[in-house]
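What follows is calculated from the coordinates using simple rules that are stated; it is not laboratory data. In this text the structure is predicted, and so the values were computed from the model without any measurement. Here the Cβ is made from the backbone with ideal geometry for all residues, glycine too, and neighbour counts use every protein chain on show.
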Amino acid sequence: MDGTLVHLPGRLPEDWLLHVYERLGLQFDPEQVRQVYGESERLWRATTRRELGVTRASFVAWNRLILEKLGVKERPAVLAKQVQSAWESQEDLLFPEVPAVLAELQQCGLRLGIVTHRFPEAIESSLVRHGLKKYFQCIVHPQDGFTDQGKHDPQLWRQVMRSLDLPVERILHVGDDYEADLLGPRSQGLRALLIDRYERFAQLPAEQKIENLCELPALIVGR
């Protein structure tokens with residue numbers, strides 16, 4: 001959902017995070033934040049995420065890790081929770097091509113679903129605000145109780161297949177996270193494409209990625 005249908009204000013999450021820090025009275029060098037964000041994400045994926053999954057506690061721990069790497073000494077635990085609240089309450093922006101592409105895919109008779117690590121209330125508010133709810137037949141997220149590991153757990157992808165009531169070879173997943181959205185579904189036999197809006201995965205073969213959702217109708221139904 002995030003990075004595929006909607007995005008935070010700013011080009012990248014790090015840009016939006018800078019604004020959150022400013023609202024909390026914290027000032028950092030933008031380049032330092034970008035570097036620390038990437039380092040912290042890799043460490044979080046290798047440690048905390050494996051232990052706590054994609055739960056709220058896990059994301060708070062990631063926020064705290066970023067703050068501590070940025071040199072914050074006072075109240076990092078409190079600030080980490082405030083940053084997480086900002087993540088969850090942010091008003092995302094819609095990628096411009098999304099409504100037209102979803103309408104075209106729906107008109108072709110395709111069943112559409114969302115697989116996301118978002119919390120349920122944030123999913124609902126975003127879909128309603130952008131008028132997208134009518135396009136989706138199912139929404140699968142870890143908070144349903146399937147697994148704390150989300151897209152990294154085969155159990156979630158089995159739930160996707162049950163929710164769509166389609167055989168594995170007829171499901172295509174599209175997302176912007178290499179591990180979660182490409183490797184995750186492919187490990188269970190699903191087809192998957194990485195959406196690479198900002199050319200972060202130049203080394204990836206062209207047939208494994210798209211630049212934006214406008215490419216989907218032609219790839220799926222030959223339009």
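May I have the count of lysine pairs in the chain with C-alpha atoms under 23 Å apart, counting pairs 8 or more residues apart or located on different chains?
Pairs that pass both the separation and distance tests number 4.
Could you tell me the extents of the chain's C-alpha atoms along the three principal axes, largest first, rounded to whole Å?
Projected onto its principal axes, the Cα set of the chain covers 55, 36, 33 Å.
Post the alpha-carbon centroid distance, segment 164-223 to segment 85-137, in whole angstrom.
17
Please compute, for the alpha-carbon atoms of segment 95-192, the extent along each of the three principal axes and give them in descending order in Å.
The principal-axis extents, from largest down, are 31, 29, 24 Å.
For an R0 of 30 angstrom, estimate the FRET efficiency from the Cβ-Cβ distance between Lys81 and Arg11 and round to the nearest 0.05.
The computed FRET efficiency comes out at 0.70.
Could you work out the mean projected area of the convex hull around the alpha carbons of segment 140-214, in square nanometres to one decimal?
5.3
Please compute, for the alpha-carbon atoms of segment 19-97, the extent along each of the three principal axes and give them in descending order in Å.
Principal axes ranked by extent give 36, 29, 23 Å for the Cα atoms.
Taking segment 1-109, which GluC sites (Glu not before Pro) meet the DSSP loop condition and have no more than 12 other C-beta atoms within 10 Å?
Counting only loop positions with at most 12 other Cβ atoms within 10 Å, the GluC sites (Glu not before Pro) in segment 1-109 are Glu74, Glu91.
Taking 25 Å as R0, compute the FRET efficiency from the Cβ-Cβ separation of Ala103 and Glu41 and round it to 0.05.
0.15
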